[in-house]
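What follows draws every value from the coordinates through simple rules; no lab data is involved. These numbers were taken from a predicted model, which means no experiment stands behind them. Glycine gets a Cβ as well: all are built from the backbone with ideal geometry, and neighbour counts include every protein chain shown.
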Amino acid sequence: MKHATKLAAAAVGIAALMGSAVAAGPGHTVTHPGDTPSRTGGHETFTGAVRHDSIARRDDLNPFTVSVVTFEPGARTFWHTHPAGQRLVILTGEGLIGTPDGKVERVHPGDIVWCPPGLKHWHGATPTTAMSHMAITAFKDGKNVTWMEEVSAEQYVYPETKKE
Ligand code: MN
């Protein structure tokens, strides 16, 4: 009995320590769909219908943005570069990634695309299929993207239809 009492006292002590440890820092936060309204991609940076859902804004310890971008069929970004690069995680549909050498590559859910710093490129849906990706984009000198000209109809090519 005496042994059991000591055990119980120890358990209470440990629980108190754990409680104080938890209370020492801020707790986790949970956000929910609808907390941050969706935004429409602007026509000065996107062609077609694009929806933008923010996952995380940057802060001092996490100097990058995370967002989910959904492109309707035919929709794509303008040409652009990322000063610190960008990682794209393809979530749904079928997408296209294009570079100035004329190469257009198809990407699918599960694919992860790394766009290195300074590489001019565009990304978007195929002409017939929507695509969503998560974009993780770090900052350099306060910027995470430099926008350029629109991707023309001639440049926006589905690879299988491209003439070699
Ligand atoms: Mn990009």
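Roughly speaking, what is the stretch gain from Y158 to D53, that is 0.36 nm per residue apart minus the C-alpha to C-alpha distance, in nm to one decimal?
Details: separation 105, 0.36 × 105 = 37.80 nm, distance 2.61 nm.
Gain on extension, Y158 to D53, equals 35.2 nm.
Please arrange M131, M148 by how many other C-beta atoms lie within 10 Å of their C-beta, fewest to most. All intermediate terms of the calculation are to be shown ahead of the outcome.
Values: M131 27, M148 14.
Exposure proxy ranking, most exposed first: M148, M131.
Which of S152, S38, S67 has the fewest other C-beta atoms within 10 Å, and how do the rest follow up to the most? List each step's numbers first, then the result.
Working: S152 9, S38 12, S67 17.
Ascending number of Cβ neighbours within 10 Å: S152, S38, S67.
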